[in-house]
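**Student:** Would you mind keeping the following structure in view while I ask a few things?
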Amino acid sequence: MKVFRSYRCDQGHHWEVQRRDSEKEQPSDCICPEGHPAITCRVELPVEDVQILISPAARVTDQITRQRVLDGRYYLSLLDRAGIELCASSGHYDWNTAVKLSAFFKDKSVEQALAWWEKRKL
C-alpha cells in the first residue's frame, strides 16, 4: 500500500512524498525543494475506497505478423487499497461503457462496490 508523508519546514514550505509503506523514509524526503530541513512530518494513509482498473482486452494473436484482436475493448477490475484484485469483469467493453461503469464505483467502500458488482453480474 502507498503512504503519503506530508512535510513542512520553518520557512512555511509544504511538500509531500508518496512511497510504498514497506519503503523507509529517505534523507532527501526531509529536505524541501528550497533546501530547508523538515520540522514536521505527518503520515497520511489513503482512504479505504475501492480502486477501479480499466485494462485493455486486446491481444496479439500472431507473434510474427503482430495481428491483434479486441482492439478498443477493455476489462474492468476492482482492487482493494493495497492493489489486490478483488474481481474482474468476465466480458469486455468499449471505452465509453467501461468509463461509465467505473463511475458507479466512485467513493464506494470495498463492501459497497462488491455488492454493486454482484448485483450487476459484471
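The values are calculated or read from the model by the stated rules, or taken from the named source; none is laboratory data. In this text the structure is predicted, and so the values were computed from the model without any measurement. Every residue, glycine as well, gets a Cβ built from its backbone with ideal geometry; the counts of neighbours run over all protein chains shown. Remember, those area values only see protein heavy atoms, side chains included, never the ligands or the DNA or RNA. Shrake-Rupley method; radii C 1.70, N 1.55, O 1.52, S 1.80 Å.
**Student:** Could you tell me whether the range 101-111 includes any residue that is among the aromatic types (Phe, Trp, Tyr) and either touching a residue at least 24 places away in the same chain (Cβ under 8 Å) or closer than 30 Å to residue 14 by Cα (or both)?
**Tutor:** Of the residues in the range 101-111, the ones among the aromatic types (Phe, Trp, Tyr) are 104-105.
Now restrict to residues that are either touching a residue at least 24 places away in the same chain (Cβ under 8 Å) or closer than 30 Å to residue 14 by Cα (or both): 105.
For the range 101-111, residues among the aromatic types (Phe, Trp, Tyr) and either touching a residue at least 24 places away in the same chain (Cβ under 8 Å) or closer than 30 Å to residue 14 by Cα (or both): present.
**Student:** If residue 114 satisfies all but one of (1) open to solvent by 50 Å² or more (accessible area, probe 1.4 Å); (2) part of a strand (DSSP E or B), what's the number of the condition it fails?
**Tutor:** (2)
**Student:** Kindly provide the set of residues from the range 77-101 that are outside any loop (DSSP other than H, G, I, E, B), over 13 Å from the mean Cα position of the chain (by Cα) and of a type outside the set (Phe, Trp, Tyr), ordered by number. Show your work before the answer.
**Tutor:** Within the range 77-101, the subset outside any loop (DSSP other than H, G, I, E, B) is 77-79, 85-88, 93-101.
Those left that are additionally over 13 Å from the mean Cα position of the chain (by Cα): 86-88, 93-101.
Across the range 77-101, the qualifying residues are 86, 87, 88, 94, 96, 97, 98, 99, 100, 101.
**Student:** While we're on this one: Do you know which of the residues in the range 49-60 that are free of Cβ contacts under 8 Å to residues at least 24 places away in the same chain and open to solvent by less than 80 Å² (accessible area, probe 1.4 Å) is nearest to residue 95 (Cα to Cα)?
**Tutor:** Narrowing the range 49-60 to residues free of Cβ contacts under 8 Å to residues at least 24 places away in the same chain: 55-56, 58-60.
Subsequent filtering for residues that are open to solvent by less than 80 Å² (accessible area, probe 1.4 Å) retains 55, 58, 60.
On the way: 55: 10, 58: 12, 60: 19 Å.
Checked the range 49-60; the qualifying residue nearest to residue 95 (Cα to Cα) is 55.
**Student:** Quick one: what pairs do we get from the range 22-42, first residue touching a residue at least 24 places away in the same chain (Cβ under 8 Å), second assigned to a helix (DSSP H, G or I), C-beta under 9 Å, 6+ apart or different chains?
**Tutor:** 37/30; 38/29; 38/30; 41/29; 41/30
**Student:** Could you grab me the full set of residues in the range 61-76 that are touching a strand residue (DSSP E or B) at 6+ places or on another chain (Cβ under 7 Å), in a strand (DSSP E or B), over 25 Å from residue 20 (Cα atoms) and open to solvent by less than 70 Å² (accessible area, probe 1.4 Å)?
**Tutor:** From the range 61-76, those touching a strand residue (DSSP E or B) at 6+ places or on another chain (Cβ under 7 Å) are 61, 66-70, 72-76; that's our starting set.
Right, trim to in a strand (DSSP E or B) and you get 61, 67-69, 73-76.
Next, from what is left, pick out any that are over 25 Å from residue 20 (Cα atoms): 61, 67-69, 73-75.
Matches in the range 61-76: 69, 74, 75.
**Student:** Continuing with the same structure: Residues being of a type in the set (Lys, Arg) and assigned to a loop (DSSP other than H, G, I, E, B): count how many of those fall in the range 1-34. Give the steps one after another, and end with the answer.
**Tutor:** So the first thing to find is which residues in the range 1-34 are of a type in the set (Lys, Arg), and the list is 2, 5, 8, 19-20, 24.
Going one step further and asking which of them are assigned to a loop (DSSP other than H, G, I, E, B), we end up with 24.
Qualifying residue count for the region: 1.
**Student:** Tell me the residue from 97, 61 that is of a type outside the set (Asp, Glu) and at pLDDT below 95, please.
**Tutor:** Selected residue: 61, the only one of 97, 61 that is of a type outside the set (Asp, Glu) and at pLDDT below 95.
**Student:** I'd like the residue in the range 22-48 that is within 19 Å of the chain's Cα centre (by Cα) and open to solvent by less than 80 Å² (accessible area, probe 1.4 Å) and, out of all such residues, is nearest to residue 80 (Cα to Cα).
**Tutor:** If we take residues in the range 22-48 being within 19 Å of the chain's Cα centre (by Cα) and open to solvent by less than 80 Å² (accessible area, probe 1.4 Å), then 46 is nearest to residue 80 (Cα to Cα).
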